[in-house]
Protein chains: 2
Amino acid sequence: MSAPRIASVGCSTIGRTDLTGRDLFSQALAEAFEGLPDPAEVVDALYVGNQSETYEHQIMYGTLLAEWAGLRNVPAERVEGCAAAGALALRHAVEDVRRGTHDAVLACGVEKMTAGGTSGATDALSAAFDRALEQRSGITAPSQYALLAQRYLHEHDATEEEFARIAVKNHRNATANPRAQYQQEVDVETVLDSSYVAPPLKLFDCAPVSDGAAVALVTTPELADELAPADEQVVAAGTGAAANNISVAERDLTFVEGANVASGTAYEEAGVEASDVDVAEVHDAFTVCEALLAESVGFAPRGRGIESPLPPEERSEGWTDVHLSTSGGLKARGHPIGATGIAQAVEAYEQLTGRAGDRQVEGADTALLVNEGGVADAVTVSHVLRRAA
Amino acid sequence: MSAPRIASVGCSTIGRTDLTGRDLFSQALAEAFEGLPDPAEVVDALYVGNQSETYEHQIMYGTLLAEWAGLRNVPAERVEGCAAAGALALRHAVEDVRRGTHDAVLACGVEKMTAGGTSGATDALSAAFDRALEQRSGITAPSQYALLAQRYLHEHDATEEEFARIAVKNHRNATANPRAQYQQEVDVETVLDSSYVAPPLKLFDCAPVSDGAAVALVTTPELADELAPADEQVVAAGTGAAANNISVAERDLTFVEGANVASGTAYEEAGVEASDVDVAEVHDAFTVCEALLAESVGFAPRGRGIESPLPPEERSEGWTDVHLSTSGGLKARGHPIGATGIAQAVEAYEQLTGRAGDRQVEGADTALLVNEGGVADAVTVSHVLRRAA
């Protein structure tokens, strides 16, 4: 059971667009298959992560994209776990290939969030909360994450300014990422002066509403070698997933147990430890998430994840040397919900193959992806990717 | 790689209820785990087929049900391919167990269709058509299947009365199924005199709007033997899936290629042929579907699938002896969209373990399940189940 490879990736424009979900997929597909045989000659199965049918009044996204890619008589389906949908698609691709079910699986993510406007996105995302027990209160995603952030400030020696610095760092990273929705810097004052969405979280603590699509072609090592040179491949070395509570009511608000378990499984499969990870895309839907996840996956000691913007040498003892959200993260690269998990893989692919341009982390050998659905510990999907050559 | 077992099944009330999707799941779960250890002691992963978030304004059904079942830190997700969602969940469970990823996976299906009323269901189902190319015409599921039925009548020596006899047969079967939504007979005149929904399909040619949930516990043979005697197990011998066109515009209207391919794969994995199948639950969302699918999966010669209500000795040459839709089918057992694929497995489980009461097919050894999403050839998922003892 040798580890599958990611032989190619593609990503659409991310941001506010006039394109449909299928158009966005077409952009990503075209990039991934540039110089390769037609998808129909390569792809054995397709998974697509997609959060909400309400944006485009469209279900059956598996068949929709398989047909558009020219595939016939292949398994194709949509998977959904809110914002973790993309990583769920990637995980199926990885498992199908390593178990020998298929030689090549196309993992896709698509979301056309702007179709319903901001209120449409707020409403669609609120469907991720428990209908019977939580939605009726009117609670939103920012207000739930604000509870986590309040608790973080209460438990730890941390400040709103430190949350702001996570946003500043991720915007800075995005200036070097041509794929990013916001390729401009912001300063701490701008973040702190932005309106509260749900205290202590302000507008600039929150990831935007984004359209976007991304794809990753997962294949056997043998097929990867037919399609691409080794230095244009990445090893899908480990995957883990863990669902826990929908509700924030019954859990440790400042530790994401599922992220710890899912990432632990991915580390174990890959034969690495947290300290081996050079670059990580963690699910910074809100700035507090980056701090929480850095702690939950073993990069930082409890209460010190908030130091992620600091250079490694200035961080507290117990921190690893990992570079977090080099793409700009959900915050600045953008957060097209169902596509985010695959967009994270695109960034890792570029870092591990030395194609990350001005944001390249020298010597990047091992990457961790952490994609979450719902609020924090609802579901987490983690992947470890490694340099192939 | 030995074939997994279905060690237990459960099914909720099917029909128009006051229950939520989670309530319905609880009913099904309680039935499946009667006499077994708690789910948390057994289940390693959970998949749930669910068509539409619009009925209950609820996504993240994977986590929702995993949490409700008391599971922690397990992979849990929703899969969606419209009405094939249930079989997609079952397929993942089967593949995960036979590939050694997990020892026990809970395949679930849930739908709460009545929450949005009939117009809500019509609207939610229309999301299965291509938004850009078809939905805008106002076309509905019945009107698309009516095109197939018209073509069937045009190509073959068949009548509307013969379609009606399929509904009559399935209602008769449902009178012996305590799980069925409609446990009453209808006669040919009632079907023929019912209103046209989309000619030639009338009200009684169409499956109803239903609430319902069903679960199947898929395990290794070893674990199945710990949980249940061999005569209360079923072998999950083969699975296949095939997606083709969303649109009816570019395909053979009277042959479901994907059903042929998916069932062919399932037959091959199980080492059986169509003629070995004793009982089959095919996706009779409309009466014409049963005829089309009987032909596409190899039970009947082209143009003669419409003879499914006849006793085997009166059918045309080339027909097998299969008994179709013993549960009453989607037509009379009910069609809770995302749950239908698992409800089909529940019927096969009861037939193959000799628990089907007055509808028992004597000597039933091999069952085929055919679950479809979208219109006919959009996506098909097939399973072959076999008697374990």
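The values are calculated or read from the model by the stated rules, or taken from the named source; none is laboratory data. This is a predicted model, so every value here is computed, not measured. Glycine gets a Cβ as well: all are built from the backbone with ideal geometry, and neighbour counts include every protein chain shown. These area figures cover heavy atoms from the full protein model, side chains too; ligands, DNA and RNA do not enter into them. Shrake-Rupley method; radii C 1.70, N 1.55, O 1.52, S 1.80 Å.
Selection over region A:47-76 of residues that are assigned to a strand (DSSP E or B), open to solvent by less than 10 Å² (accessible area, probe 1.4 Å) and facing chain B (nearest Cβ under 8 Å) gives a count of 1.
Just checking, how many residues over region B:354-389 are among the β-branched types (V, I, T), more than 14 Å from every other protein chain (Cβ to nearest Cβ) and open to solvent by less than 10 Å² (accessible area, probe 1.4 Å)? Residues in region B:354-389 being among the β-branched types (V, I, T), more than 14 Å from every other protein chain (Cβ to nearest Cβ) and open to solvent by less than 10 Å² (accessible area, probe 1.4 Å): 3 in total. Each residue in region B:225-234 was checked for being in contact with a Ser or Thr (Cβ under 9 Å, 6 or more places away or on another chain) and either part of a strand (DSSP E or B) or of a type in the set (A, V, I, L, M, F, W, C) (or both), and 3 pass. Under the condition of being crowded, with 19+ Cβ neighbours inside 10 Å and in a helix (DSSP H, G or I), the residues counted in region B:166-181 number 8. A:A87 meets all of the listed conditions (1) more than 8 Å from every other protein chain (Cβ to nearest Cβ); (2) out of contact with any strand residue (DSSP E or B) (no Cβ under 7 Å at 6 or more places or on another chain) but one, namely (2).
Here the condition is being in contact with a Ser or Thr (Cβ under 9 Å, 6 or more places away or on another chain) and either within 20 Å of A:H171 (Cβ to Cβ) or modelled with pLDDT of 95 or more (or both); of A:E362, A:E347, it holds for A:E347 alone.
Residue-level analysis places B:L147 among those that are closer than 28 Å to B:A85 by Cβ and surrounded by fewer than 21 Cβ atoms within 10 Å (Cβ to Cβ).
Scanning region A:323-341 turns up no residue that is in contact (Cβ under 8 Å) with a residue 40 or more places away in the chain, more than 28 Å from A:M113 (Cα to Cα) and open to solvent by less than 10 Å² (accessible area, probe 1.4 Å).
Screening region A:120-142 for residues that are of a type in the set (S, T, N, Q) and more than 8 Å from chain B (Cβ to nearest Cβ) and picking the one that is least open to solvent (accessible area, probe 1.4 Å) gives A:T140. Looking only at residues in region B:241-261 that are under 17 Å from B:A294 (Cβ atoms) and at the interface with chain A (Cβ under 8 Å from one of its Cβ atoms), the one that is most open to solvent (accessible area, probe 1.4 Å) is B:E257.
On the stretch given as region A:306-342, residues that are outside any loop (DSSP other than H, G, I, E, B) and either of a type in the set (V, I, T) or within 14 Å of A:L368 (Cβ to Cβ) (or both) total 8.
Identify, please: which residue in region B:275-290 is over 17 Å from B:C82 (Cβ atoms) and in a helix (DSSP H, G or I) and is, among those, nearest to the other protein chains (Cβ to nearest Cβ)? Top of the filtered list is B:V288.
Out of curiosity, is A:A40 open to solvent by 40 Å² or more (accessible area, probe 1.4 Å), over 20 Å from the mean Cα position of the chain (by Cα) and farther than 23 Å from B:A378 by Cβ? When the stated conditions are applied, A:A40 does not pass them.
Residues that are more than 11 Å from every other protein chain (Cβ to nearest Cβ) and surrounded by fewer than 21 Cβ atoms within 10 Å (Cβ to Cβ) within region B:262-274 comprise B:E268, B:E269, B:G271, B:V272, B:E273, B:A274, listed in sequence order. Only one entry of B:V282, B:V297, B:V277, B:V261 meets the criterion of being β-branched (V, I, T), under 15 Å from the mean Cα position of the chain (by Cα) and more than 20 Å from B:D205 (Cβ to Cβ), and that entry is B:V297. Say we look at region A:182-215 and pick out the residues that are part of a strand (DSSP E or B) and in contact with a Gly (Cβ under 8 Å, 6 or more places away or on another chain); which of these is nearest to A:G35 (Cα to Cα)? The extreme case among them is A:V215.
Hey, A:G116 hits all of (1) farther than 30 Å from A:V42 by Cβ; (2) in contact with a Gly (Cβ under 7 Å, 6 or more places away or on another chain); (3) away from every other protein chain (no Cβ under 11 Å) but one; which does it fall short on? Only one criterion is unmet by A:G116, namely (2). Check region A:24-41 and report whether any residue there is facing chain B (nearest Cβ under 10 Å) and within 27 Å of B:G138 (Cα to Cα). No, every residue in region A:24-41 fails to be facing chain B (nearest Cβ under 10 Å) and within 27 Å of B:G138 (Cα to Cα). The listed residues are B:A40, B:A7, and the only one of them that is modelled with pLDDT of 95 or more and part of a helix (DSSP H, G or I) turns out to be B:A40. Please state which one of A:V248, A:V261, A:V218 is in contact with a strand residue (DSSP E or B) (Cβ under 9 Å, 6 or more places away or on another chain) and under 22 Å from A:A376 (Cα atoms). It is A:V261. Can you say whether A:L293 is among the aliphatic types (A, V, I, L, M), out of contact with any Leu (no Cβ under 8 Å at 6 or more places or on another chain) and either at pLDDT below 95 or in a helix (DSSP H, G or I) (or both), as far as the supplied structure shows? Yes, satisfied. Note on region A:206-222: residues that are more than 30 Å from A:V288 (Cβ to Cβ), open to solvent by 10 Å² or more (accessible area, probe 1.4 Å) and touching a helix residue (DSSP H, G or I) at 6+ places or on another chain (Cβ under 8 Å) amount to 1.
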